[in-house]
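To keep things clear, I will list the structure first and then write my remarks on it.
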Amino acid sequence: MSIENTWFHRRGELSDGGWESVVGRDTPGWQHTGIRVADLGAGDRVELTETDVERIIVPLAGSFEVDHSDGDDSARTTLQGRRSVFDGPTDVLYLPVGRTATLTGRGRVAVAEAPASVRHPWRYIAAAETPVELRGAGSSSRQVHNFGTPQALDADRLIVCEVITPEGNWSSYPPHKHDEHIPGHESRLEEIYYFESAPAAGSAASADTAFGMFSTYSSPAGEIDINAMVRTGDIALVPYGYHGPAVAAPGYDLYYLNVMAGPDPDRAWLISDDSAHAWVRDTWADQRIDPRLPYPNEEGRS
């Protein structure tokens, strides 16, 4: 098996029970993060039974009911969700270690996970509470929803955000890495990229044709090589190495959900750019943010 096939998986290749895709500690070479993705219809349900992981439940499309409990405290949380991942932030639910859950509803849902030991309060985060960041400039403009970052959420290990890249733009750029523990400069974090792609607003293209591109390459920490067309449901695993760019092809918007966690004592997202390409950041000072952002708007999706 090539190193690309080790770390890149097409939609459905990681299916397990009622889940379309599952990444976790049973995935070879993987230990700090996980993701579950499912499509639910009327009457469907999925269970979250492990008690030694913390989670963030993220509606991708549709609405869901989450019944969750730690044995002493039980609650039902409604996630209103959204029409698609290109329709702005969604409400999400953080569940700490010790808490199980049952999901019902109609639509597509992702569950980000990380093994954890410190218990924090469970938390419902409304879409309106989500910090929305417009990152980069010009053709490197993208929109980031930071609902699960250290600045927005009190958690033990898990760091989660989602990124929307308009058609023709580049994100995860310049290429960067986070595979060394250098206090104050770089942290060790496994990372999962879960992708979705769709025709840009006003396009007559079919959703089945939508795609983007994603790359990784090796660093001193290990060998990795992904150069792939990515479509809805595909998953890239980044245990180490430089990653980026993620490129939205002309005519198609690109989305990805990032799930990160690692072994360092501090829960922090600290990166090192590839020095060959770090100069690109300096060019953003003289460029505008892409006027199509933020989504949704009249020029983007609504």
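The values are calculated or read from the model by the stated rules, or taken from the named source; none is laboratory data. Predicted model, so just to flag it, every value in this text is computed and none were measured. FYI the Cβ positions are ideal-geometry reconstructions off the backbone, even for glycines, and counts take in every protein chain you see. Please note that ligands, DNA and RNA were not included when accessible areas were found on the heavy atoms of the full protein model with its side chains. Shrake-Rupley method; radii C 1.70, N 1.55, O 1.52, S 1.80 Å.
Observations, loosely collected:
- Positive-pole candidate from T78, L257, V97, dipole of the chain, charges at beta carbon: T78
- Cβ-placed point charges (K, R +1; D, E -1), dipole of the chain about Cα centre in debye, nearest 20: 540
- Spin-label proximity, W30 to segment 262-276 - amide N less than 15 Å from point 7 Å beyond Cα toward beta carbon: 262
- Global geometry of segment 45-195, whether rounded, prolate or oblate, following the gyration tensor of its Cα atoms and the 1.5 cut on a/c: oblate
- Here the spin labels are modelled as points 7 Å beyond Cα on the Cα-Cβ line, and at D72 and A278 they lie 4.8 nm apart.
- q = 0.22 Å⁻¹, segment 198-253: log10 I(q)/I(0) [Debye, one scatterer per Cα]: -0.79
- 3J(HN,Hα) along segment 47-64, derived from phi through the Karplus expression 6.51 cos²θ - 1.76 cosθ + 1.60 where θ = phi - 60°, amounts to 10, 10, 10, 5, 10, 10, 10, 9, 9, 10, 8, 10, x, 8, 7, x, 10, 8 Hz, with x in place of Gly and Pro.
- Kirkwood-type radius of segment 1-129, with distances r between different C-alpha atoms, in Å: 15.3
- Rolling a 1.4 Å probe over the heavy atoms of the protein chains gives segment 201-302 an accessible area of 46 Å² per residue.
- For segment 74-84, 3J(HN,Hα) per residue [Karplus equation, 6.51 cos²θ - 1.76 cosθ + 1.60, θ = phi - 60°, Hz, x = Gly/Pro]: 10, 8, 10, 10, 8, 9, 5, x, 7, 6, 7
- Cut-off under 5 Å, modelled amide H: who pairs with R55 long-range: L95
- When only the Cβ of Lys, Arg, Asp and Glu is charged (+1, +1, -1, -1), the dipole of segment 1-84 relative to its Cα centre reaches about 500 debye.
- Segment 235-286: C-alpha gyration tensor shape, a/c 1.5 cut-off, then a/b vs b/c: oblate
- Amide H to amide H distances under 5 Å link E20 with V37, A38, D39, where only residues 5 or more positions off or on other chains count and H is placed in the peptide plane.
- Vicinal HN-Hα couplings computed from phi for segment 241-252 (Karplus, 6.51 cos²θ - 1.76 cosθ + 1.60; Hz; Gly/Pro x): x, 6, 9, x, x, 10, 10, 8, 5, x, x, 9
- Comparing N258, N227, N169 in a Gaussian network model of the chain where C-alpha atoms under 10 Å apart are linked, the largest mean-square fluctuation is found at N227.
- Rolling a 1.4 angstrom probe over segment 195-234 with all protein chains present gives an accessible area of which 54% lies on carbon and sulfur atoms.
- Amide H contacts of F147 (H built 1.01 Å from N, under 5 Å, at least 5 apart or other chain): E162
- Placing unit charges on each Cβ (+1 for Lys and Arg, -1 for Asp and Glu) gives the chain a dipole about its Cα centre, and among T51, S139, V238 the Cα reaching farthest toward its positive end belongs to S139.
- Length added when fully stretched, T102-R10, from 0.36 nm per residue minus Cα-Cα: 30.5 nm
- Cα gyration tensor, segment 1-72 - rounded (a/c under 1.5), prolate or oblate: oblate
- Relative contact order of segment 184-251: 40 percent, from C-alpha pairs under 8 Å at least 6 residues apart in sequence.
- Surface accessible to a 1.4 Å probe, R55 within the full protein complex, Å²: 0
- Counting charges near Y240 (Lys, Arg +1; Asp, Glu -1) among other residues having Cβ under 10 Å from its Cβ returns a value of -3.
- Apportionment of accessible area to carbon and sulfur, segment 19-79, percent (1.4 Å): 41
- Value of relative contact order over the chain, rounded to a whole percent, pairs C-alpha under 8 Å and six or more apart: 20
- The alpha-carbon positions of segment 87-164 define a convex hull whose volume is 113 Å³ per residue.
- Quarter the surface of the alpha carbon convex hull of the chain and you get the mean projected area, 15.2 square nanometres.
- On a per residue basis, segment 50-129 carries 37 Å² of accessible surface, using protein heavy atoms and a 1.4 Å probe.
- Hypothetical label at W19: residues of segment 81-119 whose amide nitrogen lies under 17 Å (7 Å Cα-Cβ projection): 93-104, 108-116
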